[in-house]
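Working notes, structure below.
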Amino acid sequence: MIEALLFASSDPLSLEELTLRVPDETDVLGLLEELQRTYAPRGVNLVRVAGKWCFRTAEDLSYLMHRNVEEQRKLSRAALETLAIIAYHQPVTRAEIEEIRGVSTSKGTLDVLLETTWIRMRGRRRTPGRPVTYGTTEQFLIHFGLESVKDLPGLEELKGAGLLDSAVPASFMVPTPNDDNDLSEDEDPLEEGSLFDDDAEEPAGA
């Protein structure tokens with residue numbers, strides 16, 4: 001029954017959602033783990049993303065599905081850099097993103113990322129101007145096949161993938177990501193009606 005529920009759902013299902021749809025006393029987690037082992041050598045795998053469960057094409061066969069996937073809008077380099085900074089440094093403001101990138105970041109870049117539903121406005125920083133803070137979403141985790149942002153690659157993995165120079169300074173650190181939904185001590189909630197109000201000034205740039 002759990003197998004059928006997962007195949008029939010267009011979205012990943014949480015343990016709680018599955019538990020509500022099966023008879024009482026069902027060992028849902030045990031059945032999920034058994035299904036995961038059963039499907040491990042097959043072309044479709046049972047995986048856990050964003051703390052939820054779903055079936056996905058096995059990674060070694062995903063290229064076969066390329067023609068059937070609707071081509072998505074390609075993100076600019078500025079948008080990809082901004083997305084990476086938000087993922088690793090969240091909660092982060094636009095000014096903080098610009099400080100890390102070393103160049104200005106246009107509101108249009110953030111708007112594009114908001115349209116993908118991979119990032120969200122979290123709250124407002126308790127600093128002058130009360131800038132908006134940004135973080136990633138559940139859709140970000142689902143799209144990139146992550147259970148949490150803590151599964152993002154670390155320093156050694158980034159080096160191994162050729163995304164970082166192997167000769168980076170010894171003091172260089174990759175931050176430990178945290179996507180806690182609770183606001184941090186220096187964040188206030190977004191007020192009703194100000195959801196789309198970004199920082200007062202929009203610097204020109206990328």
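We did not get these values from a lab; they are worked out from the coordinates using the rules stated. In this text, all values refer to a predicted model and were calculated from it rather than measured experimentally. Using ideal geometry, Cβ is built from the backbone for each residue, glycine included, and neighbour counts are taken over all protein chains shown.
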Compute the distance in nm between two label points, each set 7 Å from the Cα along the Cα-to-Cβ direction, one at Lys150 and one at Glu59.
2.0
Highest to lowest packing among 124-130, 134-140, scored as the average C-beta count within 10 Å
134-140, 124-130
As a test of understanding, state the convex hull volume per residue of segment 2-68 from its alpha carbons, in Å³.
88
Using 0.36 nm times the number of residues separating Thr137 and Glu33, minus their current alpha carbon distance, what extension gain do you get?
34.9 nm
Looking at Gln36, Ala8, Thr57, which one has the Cα that reaches farthest to the positive end of the dipole of segment 2-68 (charges on Cβ: Lys, Arg +1; Asp, Glu -1)?
Thr57
